[in-house]
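Asker: Before I ask anything, let me first share the structure, which is written out below as C-alpha coordinates.
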Amino acid sequence: MIPSIRESYRFMDKYHMLAHIKAHSVVVARVARMIARGLQEVNPDISVSKTTVGALLHDIGKTPSLNSGRDHAKIGEQICIENGFDEIAPIVAEHVMLKNYRLNGDDSEKEVVFYADKRVNHDRIVTLKEREDYILKRYGRDQEELCRKIKLNFRLCGQVEEKLFSKLKFSPESLMKMDGAETERFERGLDIPGAH
(Lines give C-alpha, C1' and ligand atoms only; values in the text may rest on other atoms or scores of the structure.)
Protein backbone atom coordinates (compact mmCIF):
# COMPACT_ATOMS: atom_id res chain seq x y z
CA MET A 1 0.00 0.00 0.00
CA ILE A 2 1.11 3.54 -0.77
CA PRO A 3 -0.27 6.07 1.72
CA SER A 4 -1.49 9.46 0.54
CA ILE A 5 0.39 12.66 1.30
CA ARG A 6 -2.05 13.43 4.12
CA GLU A 7 -1.61 9.96 5.59
CA SER A 8 2.15 10.42 5.34
CA TYR A 9 1.90 13.62 7.38
CA ARG A 10 -0.14 11.76 9.99
CA PHE A 11 2.58 9.11 10.20
CA MET A 12 5.20 11.82 10.63
CA ASP A 13 3.21 13.01 13.66
CA LYS A 14 2.55 9.49 14.94
CA TYR A 15 6.29 8.75 14.99
CA HIS A 16 7.11 12.18 16.47
CA MET A 17 9.10 13.46 13.51
CA LEU A 18 10.82 16.62 14.66
CA ALA A 19 9.85 19.83 12.84
CA HIS A 20 13.24 20.30 11.16
CA ILE A 21 13.27 16.68 9.93
CA LYS A 22 9.73 17.11 8.59
CA ALA A 23 10.77 20.31 6.78
CA HIS A 24 13.75 18.47 5.26
CA SER A 25 11.53 15.56 4.18
CA VAL A 26 9.03 17.86 2.46
CA VAL A 27 11.76 19.49 0.37
CA VAL A 28 13.26 16.07 -0.46
CA ALA A 29 9.77 14.97 -1.57
CA ARG A 30 9.41 18.02 -3.84
CA VAL A 31 12.79 17.34 -5.46
CA ALA A 32 12.03 13.64 -5.84
CA ARG A 33 8.64 14.40 -7.36
CA MET A 34 10.09 16.80 -9.94
CA ILE A 35 12.58 14.14 -11.00
CA ALA A 36 10.03 11.31 -11.03
CA ARG A 37 7.61 13.35 -13.12
CA GLY A 38 10.37 14.09 -15.61
CA LEU A 39 11.47 10.45 -15.75
CA GLN A 40 7.91 9.28 -16.25
CA GLU A 41 8.00 10.84 -19.72
CA VAL A 42 10.59 8.25 -20.79
CA ASN A 43 9.80 5.49 -18.29
CA PRO A 44 6.10 5.15 -17.44
CA ASP A 45 6.98 2.48 -14.85
CA ILE A 46 8.34 5.15 -12.48
CA SER A 47 5.63 5.88 -9.93
CA VAL A 48 5.38 9.55 -8.98
CA SER A 49 3.21 8.78 -5.94
CA LYS A 50 5.51 6.01 -4.66
CA THR A 51 8.56 8.25 -5.14
CA THR A 52 6.92 11.23 -3.44
CA VAL A 53 5.65 9.28 -0.44
CA GLY A 54 8.94 7.37 -0.17
CA ALA A 55 10.70 10.73 0.03
CA LEU A 56 8.22 12.11 2.56
CA LEU A 57 8.72 9.08 4.80
CA HIS A 58 12.44 8.50 4.16
CA ASP A 59 13.37 9.79 7.64
CA ILE A 60 10.39 8.28 9.51
CA GLY A 61 12.87 6.30 11.65
CA LYS A 62 15.02 9.30 12.53
CA THR A 63 13.39 10.30 15.83
CA PRO A 64 13.34 6.74 17.24
CA SER A 65 17.01 6.39 16.28
CA LEU A 66 18.16 9.51 18.12
CA ASN A 67 18.12 7.92 21.57
CA SER A 68 18.99 4.38 20.52
CA GLY A 69 21.83 5.12 18.09
CA ARG A 70 20.36 2.52 15.73
CA ASP A 71 20.30 2.88 11.95
CA HIS A 72 17.38 5.19 11.12
CA ALA A 73 16.95 3.69 7.63
CA LYS A 74 16.45 0.20 9.11
CA ILE A 75 14.06 1.55 11.74
CA GLY A 76 12.14 3.42 9.03
CA GLU A 77 11.94 0.30 6.88
CA GLN A 78 10.49 -1.62 9.83
CA ILE A 79 7.95 1.14 10.55
CA CYS A 80 6.79 1.00 6.93
CA ILE A 81 6.47 -2.79 7.01
CA GLU A 82 4.55 -2.72 10.31
CA ASN A 83 2.08 -0.26 8.79
CA GLY A 84 1.59 -2.19 5.54
CA PHE A 85 3.61 0.21 3.37
CA ASP A 86 5.48 -2.64 1.70
CA GLU A 87 6.10 -0.66 -1.50
CA ILE A 88 7.63 2.22 0.45
CA ALA A 89 9.79 0.15 2.84
CA PRO A 90 12.60 -0.59 0.32
CA ILE A 91 12.84 3.09 -0.63
CA VAL A 92 13.20 4.09 3.03
CA ALA A 93 15.68 1.25 3.64
CA GLU A 94 18.03 2.46 0.91
CA HIS A 95 17.77 6.24 1.11
CA VAL A 96 21.15 6.51 2.87
CA MET A 97 23.01 3.92 0.82
CA LEU A 98 21.89 2.11 -2.32
CA LYS A 99 22.42 -1.63 -2.49
CA ASN A 100 23.01 -3.58 -5.70
CA TYR A 101 23.10 -0.40 -7.77
CA ARG A 102 23.55 -0.95 -11.50
CA LEU A 103 24.58 2.05 -13.57
CA ASN A 104 22.96 0.55 -16.65
CA GLY A 105 19.90 -0.80 -14.83
CA ASP A 106 16.39 0.60 -15.00
CA ASP A 107 15.67 3.79 -13.09
CA SER A 108 13.95 3.23 -9.76
CA GLU A 109 12.11 5.18 -7.12
CA LYS A 110 14.89 4.17 -4.69
CA GLU A 111 17.50 5.93 -6.81
CA VAL A 112 15.41 9.07 -7.08
CA VAL A 113 14.87 9.32 -3.30
CA PHE A 114 18.52 8.44 -2.56
CA TYR A 115 19.58 11.26 -4.89
CA ALA A 116 16.97 13.79 -3.74
CA ASP A 117 17.98 13.31 -0.11
CA LYS A 118 21.58 14.17 -1.02
CA ARG A 119 20.43 17.39 -2.69
CA VAL A 120 18.68 18.82 0.36
CA ASN A 121 20.58 20.22 3.32
CA HIS A 122 18.13 20.89 6.13
CA ASP A 123 15.29 22.48 4.11
CA ARG A 124 17.30 23.96 1.25
CA ILE A 125 18.21 22.51 -2.14
CA VAL A 126 22.00 22.49 -2.53
CA THR A 127 24.59 20.92 -4.82
CA LEU A 128 25.91 17.43 -4.12
CA LYS A 129 29.27 18.98 -3.19
CA GLU A 130 27.69 21.31 -0.62
CA ARG A 131 25.76 18.41 0.93
CA GLU A 132 28.84 16.17 0.97
CA ASP A 133 30.89 18.88 2.71
CA TYR A 134 28.15 19.27 5.33
CA ILE A 135 27.86 15.50 5.93
CA LEU A 136 31.64 15.13 6.25
CA LYS A 137 31.81 17.97 8.77
CA ARG A 138 28.73 16.90 10.75
CA TYR A 139 29.20 13.13 10.81
CA GLY A 140 32.76 12.44 9.62
CA ARG A 141 34.35 14.00 12.69
CA ASP A 142 37.83 13.30 11.35
CA GLN A 143 37.21 9.54 11.38
CA GLU A 144 39.19 8.46 8.34
CA GLU A 145 37.22 5.30 7.53
CA LEU A 146 33.83 6.98 7.96
CA CYS A 147 34.93 9.91 5.79
CA ARG A 148 36.07 7.46 3.11
CA LYS A 149 32.66 5.76 3.13
CA ILE A 150 30.84 9.11 2.93
CA LYS A 151 32.96 10.16 -0.05
CA LEU A 152 32.34 6.84 -1.80
CA ASN A 153 28.60 7.20 -1.21
CA PHE A 154 28.61 10.69 -2.73
CA ARG A 155 30.65 9.43 -5.67
CA LEU A 156 27.89 6.86 -6.24
CA CYS A 157 25.33 9.64 -5.92
CA GLY A 158 27.17 11.57 -8.65
CA GLN A 159 26.81 8.52 -10.90
CA VAL A 160 23.11 8.33 -10.07
CA GLU A 161 22.80 12.03 -10.94
CA GLU A 162 24.42 11.45 -14.34
CA LYS A 163 22.19 8.46 -15.02
CA LEU A 164 18.93 10.20 -14.05
CA PHE A 165 19.63 13.54 -15.71
CA SER A 166 20.77 11.93 -18.97
CA LYS A 167 17.04 11.22 -19.48
CA LEU A 168 15.58 14.43 -18.10
CA LYS A 169 14.82 17.64 -19.97
CA PHE A 170 16.28 19.75 -17.15
CA SER A 171 19.63 19.90 -15.40
CA PRO A 172 20.57 19.24 -11.77
CA GLU A 173 21.24 22.97 -11.39
CA SER A 174 17.72 23.87 -12.52
CA LEU A 175 16.07 22.06 -9.59
CA MET A 176 16.46 25.15 -7.42
CA LYS A 177 14.68 27.33 -9.98
CA MET A 178 11.93 24.78 -10.61
CA ASP A 179 11.18 24.33 -6.91
CA GLY A 180 9.16 27.56 -6.62
CA ALA A 181 6.42 26.27 -8.90
CA GLU A 182 6.65 22.80 -7.39
CA THR A 183 6.07 24.08 -3.85
CA GLU A 184 2.53 25.27 -4.57
CA ARG A 185 1.64 22.17 -6.58
CA PHE A 186 3.01 19.90 -3.89
CA GLU A 187 1.18 21.57 -1.06
CA ARG A 188 -2.10 21.29 -2.95
CA GLY A 189 -1.29 17.63 -3.68
CA LEU A 190 -1.69 17.93 -7.45
CA ASP A 191 -0.94 14.90 -9.61
CA ILE A 192 -0.88 12.54 -6.61
CA PRO A 193 -3.74 10.04 -6.62
CA GLY A 194 -5.40 9.85 -3.22
CA ALA A 195 -3.59 12.94 -1.90
CA HIS A 196 -6.75 14.68 -0.72
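The values are calculated or read from the model by the stated rules, or taken from the named source; none is laboratory data. Note that this is a predicted model, so its numbers are computed, not measured. Glycine also receives a Cβ, built like all others from the backbone with ideal geometry; neighbour counts cover every protein chain displayed. We work out accessible area using only protein heavy atoms, side chains counted, and drop any ligands, DNA or RNA first. Shrake-Rupley method; radii C 1.70, N 1.55, O 1.52, S 1.80 Å.
Asker: What accessible area per residue, rounded to a whole number of Å², is obtained for the chain using a probe radius of 1.4 Å?
Answerer: Ligands and nucleic acids excluded, the result is 52 Å² per residue.
Asker: Here's something else I'd like to know. If you line up the Cα atoms of the chain on their principal axes, what length do they span on each, largest first, in Å?
Answerer: Principal-axis extents of the Cα atoms in the chain, largest first: 45, 38, 30 Å.
Asker: Next question, about the same structure. Run lengths n ≥ 4 of DSSP H only: what is the helix-derived mean residue ellipticity at 222 nm for the chain, with -39500 (n - 2.57) per run over all residues, to the nearest 500?
Answerer: Counting only the DSSP helices, I get -18500 deg cm²/dmol.
Asker: Based on the Cβ-Cβ distance from LYS129 to ASN67, what FRET efficiency comes out when R0 is 25 Å, to the nearest 0.05?
Answerer: 0.20
Asker: I would also like to ask the following. How large, in percent, is the carbon and sulfur part of the accessible surface of the chain at a probe radius of 1.4 Å?
Answerer: 50
Asker: Is there a pair in LYS74/LYS110; LYS99/LYS129; LYS62/LYS177; LYS118/LYS149; LYS118/LYS163; LYS62/LYS129 whose C-alpha atoms are over 20 Å apart, and which pairs would that be?
Answerer: From the list (LYS74/LYS110; LYS99/LYS129; LYS62/LYS177; LYS118/LYS149; LYS118/LYS163; LYS62/LYS129), the Cα-Cα distance tops 20 Å for LYS99/LYS129; LYS62/LYS177; LYS62/LYS129.
Asker: Still on this structure, I have one more. Stretched out fully, how many nm does the piece from LYS74 to ARG141 gain, at 0.36 nm a residue minus the Cα gap?
Answerer: So the chain would gain 21.8 nm between LYS74 and ARG141.
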